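S.K.: Dropping the structure in here first, questions after.
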Amino acid sequence: MGRLPIRIDYSLAMHPGTSAPGGLDERELDACASRFTEALDATLHDVRRGALGFWGLGGDPTIADAIDAVVAKLPAVDDVMVLGIGGSSLGGRSILEALRGPTGLGLPITPGPRVHFPDNSDPFVLRALFEHLRPERTLVVAISKSGGTVETAAALLLARAFLRDALGEKGMRERLVIITDPESGPLRDLAWRESLASLPVPKNVGGRFSVLTAVGLLPAALAGVDVRALLRGADAMRAACETRDLRKNPAGLFAALHVLHHERHGRGIHVLMPYADALRPFATWFVQLWAESLGKRVDLGGNVVERGPTPIPAVGATDQHAQVQLFMEGPRDKLITFIAVDEPAGDLAIPHEQGVFDDLGGLTMAGLLDAERRGTALALARDGRPSLTLHVPRIDAFSLGSLFFFFEAATAFAGRLYGVDAFGQPGVELGKRLASALLGRAGFESEREMVRETESNRNESHVLE
Ligand code: PA5
């Protein structure tokens, strides 16, 4: 096997990398080897029986071809609104921000259309977009695997009205793309009924594992990202993640370290802290993947276990001035993963200025950032607080594709090691159904009763006004 697309330094997650007894014992990790091969075998069995579609996406050339075919027929635009939430938004946003520059700054960083991800039902962002975008130069991409997510459906109705009011029914349909289940659901029906441009989310790819389908790749392609390089990166990582040797399997190692630190040492808070602004949304994507996949009431045998780690996003060096105080001195319940970018693009040399911060002149900003990361990891280690570091050579489409697959495979393995089903999300259903009842939507009569019952049990004197 050749070199891995990313390098994992886990020396500070092990004893004696951490000076106080904070690290894992070599024997603890080795003892997990057979548990891991069972997890790997079970995962690959699920892959072979067609249940885990995300595993083979990187090696499927038809995905990029289908995207190209749709993109070729779309009108030229200045802005793209991607309507979706959760797994139907976070992956695309991570790609765009990593490879096309931070959206929050309002800077025209790269050519090509601006891509917006108004994922929330809060009218704040949507209203601003409708006020500022020109309908004739705007494309709307509505993404929902189920096709019925209420937040996305509501935003789509608003976007359709925005386009239709200015351009008529035909103009609206020409500027609308649907990404949803290939065969069923309300959005699929709409795409068929109105002959809208559309792409599928394969049935066997779950929402939060769908970034390397059209869900993440169409927004990326519209912004000029090399989607084939993303897929190649994922495929290179897939090959590495099929290795049976735990110490050589990157995702297996990551999963085992996290599960063991949690089970044996109570470190159930898992922080992902890239030292790169470009990876801020990526850390949020990871949080959704890790939390929604691994936080489960029952185990694979149906026993109530209420299990799961708590992931936290952070970014260096910014969070050294926000969360690192807690990581350094608070409860010893965390395992921190840093991401380092070994060859940062566009470094800045810090100028010399006589008598003003003399010792900084001649250093570089990337050098400063790297020293901050290493200093933080070593400071944590000196107090027995473990961490690991993922080194990516640079932030490009290939590395990003590798990172996506790495975390997805790690999540599948961690699900097996924790003994939970990583691919459902039963816990979010009830809240959605109660919200529908509160909105008075049809078909939620028993949920309305649950709302009434729970509301009536509340003690109004516990409201401070
Ligand atoms: O991972 C998941 O399945 C969820 O986070 C979904 O992505 C999210 O709920 C959105 O669902 P949908 O794509 O069906 O609109």
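All of the numbers you see were taken from the coordinates with simple rules; none came from a lab. Keep in mind that what you see is a predicted model, and the values were worked out from it rather than measured. Virtual Cβ from ideal backbone geometry, glycine too; neighbours counted across all protein chains shown.
S.K.: Have a look at Leu196, Ile179, Gly207 and report the one farthest towards the positive end of the charge dipole of the stretch 168-209, computed about the Cα centre with Cβ charges (Lys/Arg +1, Asp/Glu -1).
M.R.: After comparing all options, I get Gly207.
S.K.: Show the residues, 5+ positions off or on another chain, whose built amide H is closer than 5 Å to the amide H of Ile339.
M.R.: Met273, Tyr275, Leu390
S.K.: Also: So if I place +1 on the C-beta of Lys and Arg and -1 on the C-beta of Asp and Glu, and nothing else carries charge, what would the dipole magnitude of the chain be about its Cα centre? I want it in debye, nearest 20.
M.R.: Once rounded to the nearest 20, the dipole reads 840 debye.
S.K.: Counting each pair of different Cα atoms once, what's the Kirkwood radius of the stretch 195-310 in Å, rounded to one decimal?
M.R.: Taking every pair of different Cα atoms in the stretch 195-310, averaging 1/r and inverting gives 16.9 Å.
S.K.: Something else now. Across the stretch 132-142, in residue order, what do the Karplus-derived ³J(HN,Hα) couplings come to in whole Hz, using 6.51 cos²θ - 1.76 cosθ + 1.60 with θ = phi - 60° and x for Gly and Pro?
M.R.: Listing the rounded values in order: 9, 7, 9, x, 5, 10, 10, 10, 10, 10, 9 Hz.
S.K.: Under a point spin-label approximation (7 Å from Cα along Cα-to-Cβ), what is the Val304-Phe357 distance to one decimal in nm?
M.R.: It works out to 5.6 nm between the two label points.
S.K.: Also, quick follow-up: Size of the dipole of the stretch 56-228 about the Cα centre, Lys and Arg at +1 and Asp and Glu at -1 on the beta carbon, nothing else charged, in debye to 20?
M.R.: Computed charge dipole of the stretch 56-228: roughly 60 debye.
S.K.: I've got another one for you. Relative to the longest principal Cα axis of the chain, at what angle does helix 397-418 sit, 0 to 90 degrees, rounded to 10?
M.R.: Rounded to the nearest ten degrees, it is 80.
S.K.: Going by average Cβ density within 10 Å per residue, which order do the peptides 391-401, 429-439 take, highest to lowest? If you can, show how the numbers build up before the last one.
M.R.: Working: 391-401: 20.2, 429-439: 13.8.
Result, highest mean Cβ count within 10 Å first: 391-401, 429-439.
S.K.: Report relative contact order for the chain in percent, whole number only (criteria: Cα-Cα under 8 Å, sequence separation at least 6). Write out the running numbers ahead of the final one.
M.R.: Details: 815 pairs, mean separation 104.5, N = 465.
Contact order relative to length: 22 percent.
S.K.: Check the chain and count each lysine pair with an alpha-carbon distance under 26 angstrom, considering only pairs eight or more places apart or from different chains.
M.R.: Close lysine pairs found across the chain: 12.
S.K.: Please list the three semi-axes, largest first and in whole Å, of the ellipsoid equivalent to the chain, using sqrt of 5 times the eigenvalues of its alpha carbon gyration tensor.
M.R.: 36, 29, 24
S.K.: Would you pull out the residues with amide H under 5 Å of Ser198's amide H, same chain only if 5 or more places away, H placed 1.01 Å from N?
M.R.: Ile178
S.K.: Decide, for the stretch 75-220, between rounded, prolate and oblate: order the square roots of the alpha carbon gyration tensor eigenvalues as a ≥ b ≥ c, take rounded if a/c falls under 1.5, and otherwise choose prolate if a/b is larger than b/c, else oblate. Show your work: numbers first, answer last.
M.R.: On the way: a/c = 1.58, a/b = 1.10, b/c = 1.44.
Here the stretch 75-220 falls in the oblate category.
S.K.: Follow-up question, since we're still on this one. Show me the ranking of peptides 15-27, 79-91, 271-283 by mean Cβ neighbours inside 10 Å, starting with the highest.
M.R.: Output ranking for 15-27, 79-91, 271-283: 79-91, 271-283, 15-27.
S.K.: Grab the other residues whose beta carbon is less than 12 angstrom from that of Ala340, score K and R as +1, D and E as -1, and report the net.
M.R.: On the way: positive: Arg7, Arg373, Arg374, Arg394; negative: Asp9, Asp342, Glu343, Asp370, Glu372.
In short, -1.
S.K.: Going by average Cβ density within 10 Å per residue, which order do the peptides 410-417, 191-198 take, highest to lowest?
M.R.: Answer by packing, highest mean first, reads 410-417, 191-198.
S.K.: On a 0 to 90 degree scale, rounded to 10, what angle separates helix 61-73 from the longest Cα axis of the chain?
M.R.: It is inclined by approximately 40 degrees.
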